[in-house]
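All remarks here apply to the structure that follows.
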Amino acid sequence: MMVSPFVRRRRLAMEILRLRDEYGFSADRLASAVGVKRQTISRIENGHVRPDPDLIMRILTVFNVGEKRWAQIMTIAREAQERGWWERHADQMGPRQALAASLESGAQRIFEYQMTLLPGLLQTPTFSQARVHADPSAHTEGVEPTRALEARITRQRLLERSGGPVYEVVVDELAIRRFAAPVAVVGGQLRHLADLGRKQERVTIRVLPIAASIAGHVVPRSAFSIYRYPDSADPIVVSVDTITSDLVLTDAVDVGHYLTLYDRLRAAALTPEQTIDFLAAVAEELPEHQGAI
């Protein structure tokens, strides 16, 4: 079974924090008990580093953890150490795409809201290529367009493999009407989305009309993705798209706001069947379909 090392590091952090709370240990006291600096404990509890198995075992010994819980936490620690394929090429594919690949790995369900761009997991190679070359200044130093495109294709295979995640996306009509690539490319992309909506059982696409009435008169402010994992004890993760980076949230209160928001956006969106008809109709209207370039 695939896992997300990023998510397992967050889960490990939760387990260590829970142990400290149960036994009334401060971070300083735990650090002293296992012979490390307080900052080392803080980095583990922030999920920022790959855990040292020996250190984790020393922590479990301090708390005299039972056999079953010991085995569970050590399994989490080992999985948190793993290196995914995206880490070898993180600089070339871009850190944001590497983060997305890590969160997607092992996910059971992925829900997205896309405000201004068509979803990366459903892009055609032609559309992705157009986007990579559209604004070179938006890429971090070291990004290689060819490697970024290869990584996008590798990520997309996740939806095709046996046992892959259920994927649902709400696409704002703005992302469809405002062309992010040449017209001919957009037309092909929209037809591809309509085709996926008809044929891919685990893929659901909904368009949110500009004039849609959203419960509470909510006005979404950014794109975001929600990731759920098979282990119900793992945190639900929300990744919020910002101009320069992605904000990753695992706090239950923060995540809850986005779960509610997504439910409202989905309820206001077209049905999957209506969406397929809408995408096909927009593609038909484009000049490219009539032979214009």
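The values are calculated or read from the model by the stated rules, or taken from the named source; none is laboratory data. Just so it is clear, the structure is predicted and the values come from calculations on it, not from any experiment. Heads up, the Cβs are rebuilt from the backbone with ideal geometry, glycines too, and the neighbour counts pull from every protein chain shown. What goes into the accessible areas is simple: the full protein's heavy atoms, side chains included, and nothing from ligands, DNA or RNA. Shrake-Rupley method; radii C 1.70, N 1.55, O 1.52, S 1.80 Å.
Worth pointing out:
- A 1.4 Å probe run over the protein chains yields, for the chain, 51 Å² of accessible area per residue, whole-number rounding.
- Rounded if a/c under 1.5, otherwise prolate or oblate - region 79-163, Cα gyration tensor axes: oblate
- Percent carbon-and-sulfur accessible area, the chain, ignoring ligands, DNA and RNA, probe 1.4 Å: 51
- Between region 175-224 and region 257-280, the alpha-carbon center distance in angstrom: 9
- For the residues ILE226, ILE243, ILE59, a GNM of the chain with alpha-carbon springs under 10 Å puts the largest fluctuation on ILE243.
- Extension gain, THR75 to GLN274: 0.36 nm times the residue separation minus the Cα-Cα distance gives 67.2 nm.
- Of all DSSP bridge pairs formed entirely within the chain, close to 50 percent run antiparallel.
- Selection of GluC sites (Glu not before Pro), region 154-241, meeting DSSP coil and at most 16 other Cβ within 10 Å: GLU160, GLU201
- Helices of the chain meeting both criteria, an alpha-carbon length of 15 angstrom or more along the long axis and an average Kyte-Doolittle score not below -1.0, with helices taken as full DSSP H segments, are 5-23, 67-81, 145-156, 183-199, 252-268, 272-285.
- Exposed loop sites, defined as trypsin sites (Lys or Arg not before Pro) outside DSSP H, G, I, E and B with at most 15 other Cβ atoms within 10 Å, are absent from the longest region of the chain, namely 84-160.
- Rh (Kirkwood; distinct C-alpha pairs) - region 205-293, Å: 15.5
- Checking (i) 75, 43, 37; (ii) 73, 42, 34; (iii) 59, 53, 30 against the coordinates, the calculated Cα extents along the principal axes in Å falls under label (ii).
- Using a Gaussian network model of the chain in which every pair of alpha carbons under 10 angstrom is joined by a spring, one finds that among ALA280, ALA31, ALA151 the greatest mean-square fluctuation is at ALA31.
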